[in-house]
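The values are calculated or read from the model by the stated rules, or taken from the named source; none is laboratory data. It should be emphasised that the depicted structure is a prediction, and the values quoted were computed from it without experimental measurement. All Cβ positions, glycine included, derive from the backbone under ideal geometry; neighbour counts span all protein chains shown. Each accessible area value is taken on the protein alone, full model and side chains, heavy atoms only, with ligands, DNA and RNA left out. Shrake-Rupley method; radii C 1.70, N 1.55, O 1.52, S 1.80 Å.
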Amino acid sequence: MAAVRPPKSFLLSSELAEYLVAHGTRPDDVQQDLIEETATLGAVAGMQIAPEQGAFLTVLTRLLGARDAIEIGTFTGYSALCIARGLPSDGRLTCCDVSDEWTAIGRRAWERAGVADRIDLRIAPALDTLSALPADASFDLAFIDADKPNYSNYFEALLPRIRPNGAILVDNVLWDGNVVKADAADENTRAIRAFNDMVAVDPRVDVVMLPIADGLTIARKR
C-alpha cells in the first residue's frame, strides 16, 4: 500500500488522514504516480489537491450527472483527472491554466487514465478564457483552485454560465486556518476572507463550507 502524503488539512493528524483515505476510494496507480511525480517539484507540490478531495470530486461529478464541467487552475492535473473520471464518455471538462510545463504532467496522466479525450485544456489567463465563452454556456460543475485574489472574479464570471442546480466548488477557503487569525493580513488571506464573506450572503446560491483538505465551499446555483 502506497504511503499517504502529509495531510493538507490542518485539522487532521497524519494518522487520521491515512485512515480517512484508506476508508474511501484510494488513489489507483495512475493517481499515485501523479502524486509522486508532482512531489518531485518541491514545495509547489502543495498546490495539488488531497487524495480524499479527488475522490470527492469524482463522486460529486457522478452524483450531479455532470456532462459539462470547467476548472480554473489545473496545475499537474489531479483534479482534472478526478472530475473527468466522473463524466460520461461523451462528457467535456474545460481546463483553464497558464502553465504548459505543469499541465504537461497532467496530460500524460490523462492519457494513461483514458480520459484525455474528455479534457479541453486552454492555456491562457482564465478570465480571458471565461470571457470568450458563450454567454449562454451551461456548465453543470465548476471547480476553482487558482490565484486567490481573483476568486471573486472567477466566481462572478462562472455563475451566469452554471445551470440551475449546478455547483461551483472552491478550494482553500480555510487557508490553513488563517481566515480566523487576526494577525494574518497577507493578500491571499484577505482575498479568501472577502470571497467567503461575499458568497455566504449571495442570494443566487445555497452554500456549504466543508472541512475537506484546506476547506472546500460548494455553492449550488438556485
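Table for the structure above
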read-out	value
Filter result (in contact (Cβ under 8 Å) with a residue 12 or more places away in the chain, of a type in the set (Val, Ile, Thr) and either more than 24 Å from GLY54 (Cβ to Cβ) or assigned to a helix (DSSP H, G or I) (or both)) within region 184-222	THR189, ILE192, VAL199
Lone qualifier among ALA50, ALA109 - being within 19 Å of PHE143 (Cβ to Cβ), surrounded by 21 or more Cβ atoms within 10 Å (Cβ to Cβ) and within 16 Å of the chain's Cα centre (by Cα)	ALA50
Answer residue from region 1-38, given it is among the β-branched types (Val, Ile, Thr), open to solvent by less than 60 Å² (accessible area, probe 1.4 Å) and farther than 17 Å from ARG108 by Cα and is modelled with the lowest pLDDT among those	VAL4
Yes/no for ASP140 being under 16 Å from GLU156 (Cα atoms), open to solvent by 10 Å² or more (accessible area, probe 1.4 Å) and touching a strand residue (DSSP E or B) at 6+ places or on another chain (Cβ under 8 Å)	yes
Breaking point among (1) touching a residue at least 40 places away in the same chain (Cβ under 8 Å); (2) surrounded by fewer than 15 Cβ atoms within 10 Å (Cβ to Cβ); (3) closer than 28 Å to TRP102 by Cα, for ALA146	(2)
Flag for PHE155 being within 21 Å of LEU81 (Cβ to Cβ) and open to solvent by less than 30 Å² (accessible area, probe 1.4 Å)	no
Residue in region 129-152 that is at pLDDT 95 or above, of a type in the set (D, E, K, R), assigned to a strand (DSSP E or B) and closer than 29 Å to GLU37 by Cβ present	no
Filtered residues of region 58-102 (kept if hydroxyl-bearing (Ser, Thr, Tyr), within 10 Å of ARG118 (Cα to Cα) and open to solvent by less than 20 Å² (accessible area, probe 1.4 Å))	THR94
Per-region count, region 112-128, residues within 18 Å of the chain's Cα centre (by Cα) and outside any helix (DSSP H, G or I)	8
Check on LEU41, surrounded by fewer than 21 Cβ atoms within 10 Å (Cβ to Cβ) and in contact with a Ser or Thr (Cβ under 9 Å, 6 or more places away or on another chain)	yes
Candidates ARG163, ARG204 - the one that is closer than 18 Å to ILE83 by Cα, in contact with a strand residue (DSSP E or B) (Cβ under 7 Å, 6 or more places away or on another chain) and open to solvent by 20 Å² or more (accessible area, probe 1.4 Å)	ARG163
Neighbours by Cβ (under 8 Å, 6+ apart or cross-chain): first from region 15-28, hydroxyl-bearing (Ser, Thr, Tyr); second open to solvent by 70 Å² or more (accessible area, probe 1.4 Å)	THR25/VAL59
